[in-house]
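Data first, discussion second: the structure below is written as structure tokens.
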Ligand SMILES: [Zn+2]
């Protein structure tokens, strides 16, 4: 039977100042004005199940790249009642340093990844600094260790992970990028992760510049939109607007956690 999920976007970091040329292939403003982005992990919680989406960066890899880390992305799952020590399923949308670190902090988890992502991060394209620079080799090694402990589950394309929770491959940003769609009280919500970094990438058909294949990235935006019940059901992976649009579970968590399974209080930017 389809399960209904509560969805939490947990903000653990930010990159500010950041010029908009780092967010768009064709920067809309010739002055390259500041355009900060936020870093999130997500938790999908039903009556019977908890699934964590992405595991965030650690202090070394995030701060080494000039990012601000407000809180440990794994430890902050406790803010929404999720104990990382008990989590059994973690979806890794892709292995960039800000999404696939900290595996050692999930002692009971199986990590769900696309075949094509594992092939990508251990294959020929990693010979090129422009493609490998968004990965941290220590994270890749940690993932291989989990594989050899039988803690990695592979997926090839689109699949139902659990009733009410599906995984969808898109290319573009990386070779094995996947996003998550979850059934909620308001219908199908897509947690796009880096299949769609910012609403504005989608709105202006102007992709994020960290990209393996531009055409696949643009097609990925379409796939995200197609699988969500409406534009208001799309949650991008790095947009600071998410925190403004969606309510916090309680006043203490304002600006830290957003409930994205409930309707946004502001409409999705048109
Ligand atoms: Zn990212």
### Among the residues listed as 173, 197, the single one being out of contact with any strand residue (DSSP E or B) (no Cβ under 8 Å at 6 or more places or on another chain), within 14 Å of the ligand (Cβ to nearest atom) and either farther than 21 Å from residue 91 by Cα or in a loop (DSSP other than H, G, I, E, B) (or both)
173
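Any idea how many residues of the stretch 26-38 are more than 16 Å from the ligand (Cβ to nearest atom) and not in a strand (DSSP E or B)? Please lay out each step first, then the result.
Taking the stretch 26-38 and keeping what is more than 16 Å from the ligand (Cβ to nearest atom), we get 26-34.
In the following step, the residues that additionally are not in a strand (DSSP E or B) were identified as 26-33.
Looking only at that region, the number is 8.
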### Message
For the condition touching a residue at least 40 places away in the same chain (Cβ under 8 Å), assigned to a strand (DSSP E or B) and in contact with a helix residue (DSSP H, G or I) (Cβ under 8 Å, 6 or more places away or on another chain), what is the one hit in 189, 180?
### Response
189
### Task
For residues that are away from the ligand (no atom under 16 Å from the Cβ) and either closer than 12 Å to residue 94 by Cβ or in a strand (DSSP E or B) (or both), tally how many sit in the stretch 152-170.
13
### Message
Residue under question is residue 41, and the condition is that it be more than 16 Å from the ligand (Cβ to nearest atom), at pLDDT 95 or above and either over 13 Å from the mean Cα position of the chain (by Cα) or within 26 Å of residue 161 (Cα to Cα) (or both); does it hold?
### Response
no
### Message
Criterion first (in contact (Cβ under 8 Å) with a residue 40 or more places away in the chain, away from the ligand (no atom under 14 Å from the Cβ) and touching a strand residue (DSSP E or B) at 6+ places or on another chain (Cβ under 7 Å)) does residue 216 satisfy it?
### Response
no
### Message
Could you go through the stretch 106-116 and let me know if any residue there is surrounded by 13 or more Cβ atoms within 10 Å (Cβ to Cβ), within 16 Å of the ligand (Cβ to nearest atom), within 17 Å of the chain's Cα centre (by Cα) and at positive phi.
### Response
no
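The values are calculated or read from the model by the stated rules, or taken from the named source; none is laboratory data. Keep in mind that what you see is a predicted model, and the values were worked out from it rather than measured. Because the Cβ atoms are built from the backbone with ideal geometry, glycine has one as well, and the counts that use them run over all protein chains shown.
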